[in-house]
Amino acid sequence: QVQLVESGGGLVQPGGSLRLSCAASGIIFSIRTAGWYRQVPGKQREWVAQIISGGYATYTDSVKGRFTISRDNAKNTMYLQMNSLKPEDTAVYFCNMLVDGTHYWGQGTQVTVSS
């Protein structure tokens, strides 16, 4: 059984930074793709960023230039560095990984951007 555990959320002022982590545990042979999503109450979950096994990363337009996704394959861990945060980035952030052909989700971590 694979589990994803997120950490790093919290309250930050506009313009500030946070770094989210997502660690996968269990029996893992390969993580093909890994990504971050976010969701606010009453809205659908939104894709934020994705990184594939080779390191190629893609982002939704609203976070380009501010967020950076990365991964440490040796630790089965993915990160999301979030800079220049805006109030509209407030959401619960979820990580998703395609592990050995199966998608897994983390439990979510709250990010609140407010003065």
Worksheet item: Hey, does the stretch 55-75 have a residue that's at pLDDT below 95, open to solvent by 30 Å² or more (accessible area, probe 1.4 Å), basic (K, R) and over 15 Å from the mean Cα position of the chain (by Cα)?
Response: yes
Worksheet item: If you check V12 against the conditions, is it under 20 Å from S115 (Cα atoms) and surrounded by fewer than 20 Cβ atoms within 10 Å (Cβ to Cβ)?
Response: yes
Worksheet item: Do you know which residues across the stretch 15-44 are crowded, with 16+ Cβ neighbours inside 10 Å, within 25 Å of S84 (Cβ to Cβ) and not hydroxyl-bearing (S, T, Y)?
Response: L18, L20, C22, A34, G35, W36, R38
Worksheet item: Which number in (1) exposed (fewer than 15 other Cβ atoms within 10 Å of the Cβ); (2) on the phi < 0 side of the Ramachandran plot; (3) part of a loop (DSSP other than H, G, I, E, B) marks the one condition that V5 misses?
Response: (3)
Discussion item. Based on this model, can you work out whether V99 counts as surrounded by 18 or more Cβ atoms within 10 Å (Cβ to Cβ) and under 13 Å from E6 (Cβ atoms)?
Written reply: no
Worksheet item: Within the stretch 14-26, is there a residue that is in a strand (DSSP E or B) and over 15 Å from the mean Cα position of the chain (by Cα)?
Response: yes
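The values are calculated or read from the model by the stated rules, or taken from the named source; none is laboratory data. In this text the structure is predicted, and so the values were computed from the model without any measurement. For neighbour counting, all protein chains shown are included, and Cβ atoms are generated from backbone atoms with ideal geometry for every residue, glycine included. What goes into the accessible areas is simple: the full protein's heavy atoms, side chains included, and nothing from ligands, DNA or RNA. Shrake-Rupley method; radii C 1.70, N 1.55, O 1.52, S 1.80 Å.
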